[in-house]
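See below for the structure under consideration.
The values are calculated or read from the model by the stated rules, or taken from the named source; none is laboratory data. What you are looking at is a predicted structure, and each value in this text was computed from that prediction instead of being measured. Don't worry about glycine lacking a Cβ; one is built from the backbone with ideal geometry, like all the others, and counts go over all protein chains shown.
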């Protein structure tokens, strides 16, 4: 990656909308390492996740304020727009980690409420912009794995609601809302994965176009499985006469099987991309969307194995976690390297006062320091 590219990655004007995937990946590893007994790593990952979340909130706020036209352009772009939903997921991932790792539901409540606001604004704003835009791309250039972040965002709201239900004054209402989001997320997954599968199977695919965000094909199914497991675990709090538990258990296994089935194929296509087509492995913020599914698959398998007492599945998280940790470390090292490269490659600052030409339009004049 050239220094010019590195500068573009960290430019506020061109900030990648899906950068909150870094917080998602780090926060889910905080929960995973806690569940598996890595008692020092969980706190470290949680601290890094919170720090990155605050930095990215500030950076996106600055971008919205200073570069609103670029922000709007990305939001209405069919390939970059879905990245904004990572903010919803990151908010709920931190909320869940605060509940599980730190036992602080009081801190998680405002985050969950904030995630609801974000989700409502994004899901209807993005859908409206896609439906009403005049120039629409074909399926080949209009959809990729990032669209499934809409599913991940929806299921993250469900999971945080499930975890907060025992500490609420109305747990049955909380579980009802979480069940509604779980069902909606499942419907979105089935709809979007059909379009993505059609695009992959029947339309030309350049190796460069197979971005790491296609790993969300697996990650969206994995978080759906976790959402079902969390709802099933709290079935005793359910007071409505809906008999939802058999449905929850069936869909939980259904989504876990889909997530598992995606893994070999994604590895094979990744080999095709990098080994056969010589696409170099270099830092790209989209790789955080690969790390998150690995951590989420570890977490959902741990939850399902424990909930259904499936001895066959219980060893999997203890091995898969190392793959997730290795992917996080490699991506984090890449981020640091290119952050340093971008810093060292900064161009000289330019003084450019605005000077009005009385005989013409505004011009820029300035000298290099």
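Selection over the stretch 331-345 of residues that are under 14 Å from residue 281 (Cα atoms) and free of Cβ contacts under 8 Å to residues at least 40 places away in the same chain gives a count of 2. Residues that are surrounded by fewer than 14 Cβ atoms within 10 Å (Cβ to Cβ) and within 25 Å of residue 90 (Cα to Cα) within the stretch 296-318 comprise just one, 318. Residue 212 falls short of the stated requirement of being crowded, with 17+ Cβ neighbours inside 10 Å, at pLDDT below 95, out of contact with any helix residue (DSSP H, G or I) (no Cβ under 6 Å at 6 or more places or on another chain) and closer than 28 Å to residue 322 by Cα. Among the residues that make up the stretch 99-119, is at least one of them under 26 Å from residue 266 (Cβ atoms) and touching a helix residue (DSSP H, G or I) at 6+ places or on another chain (Cβ under 6 Å)? Taking every residue of the stretch 99-119 in turn, none turns out to be under 26 Å from residue 266 (Cβ atoms) and touching a helix residue (DSSP H, G or I) at 6+ places or on another chain (Cβ under 6 Å). Restricting to the stretch 46-66, and then to whatever is within 20 Å of the chain's Cα centre (by Cα) and in contact (Cβ under 8 Å) with a residue 40 or more places away in the chain, can you tell me which residue is farthest from residue 295 (Cα to Cα)? For the stretch 46-66, the residue satisfying everything is 63. So, residue 39, is that one under 30 Å from residue 139 (Cα atoms) and either in contact with a helix residue (DSSP H, G or I) (Cβ under 9 Å, 6 or more places away or on another chain) or surrounded by fewer than 18 Cβ atoms within 10 Å (Cβ to Cβ) (or both) or not? No: the conditions fail for residue 39.
Of all residues in the stretch 164-182, those that are more than 20 Å from residue 103 (Cα to Cα) have Cβ atoms under 7 Å from Cβ atoms of residues that are surrounded by fewer than 22 Cβ atoms within 10 Å (Cβ to Cβ), 6 or more apart or on another chain, in 172/237; 172/238; 172/239; 172/240; 176/240; 179/244. Of the residues in the stretch 92-108, at least one is under 11 Å from the mean Cα position of the chain (by Cα) and in contact (Cβ under 8 Å) with a residue 60 or more places away in the chain.
For residue 46, the conditions (1) surrounded by fewer than 19 Cβ atoms within 10 Å (Cβ to Cβ); (2) over 25 Å from residue 132 (Cβ atoms) are fulfilled apart from (1). Here residue 264 passes the criteria (1) more than 30 Å from residue 87 (Cβ to Cβ); (2) at pLDDT below 95; (3) under 23 Å from the mean Cα position of the chain (by Cα) except the one numbered (2). Scanning the stretch 183-236 for residues that are within 19 Å of residue 161 (Cα to Cα) and outside any helix (DSSP H, G or I) yields a total of 1. For the stretch 184-204, does any single residue satisfy the condition of being surrounded by 24 or more Cβ atoms within 10 Å (Cβ to Cβ), closer than 22 Å to residue 298 by Cα and out of contact with any strand residue (DSSP E or B) (no Cβ under 7 Å at 6 or more places or on another chain)? Yes. Applying the set (1) assigned to a helix (DSSP H, G or I); (2) closer than 29 Å to residue 78 by Cβ; (3) touching a helix residue (DSSP H, G or I) at 6+ places or on another chain (Cβ under 8 Å) to residue 175 leaves exactly one unmet item: (2). Looking only at residues of the stretch 57-79 that are in contact with a helix residue (DSSP H, G or I) (Cβ under 6 Å, 6 or more places away or on another chain) and assigned to a loop (DSSP other than H, G, I, E, B), we find that the one that is nearest to residue 111 (Cα to Cα) is 76. On inspection, residue 279 fails the criterion of being surrounded by fewer than 18 Cβ atoms within 10 Å (Cβ to Cβ) and assigned to a helix (DSSP H, G or I).
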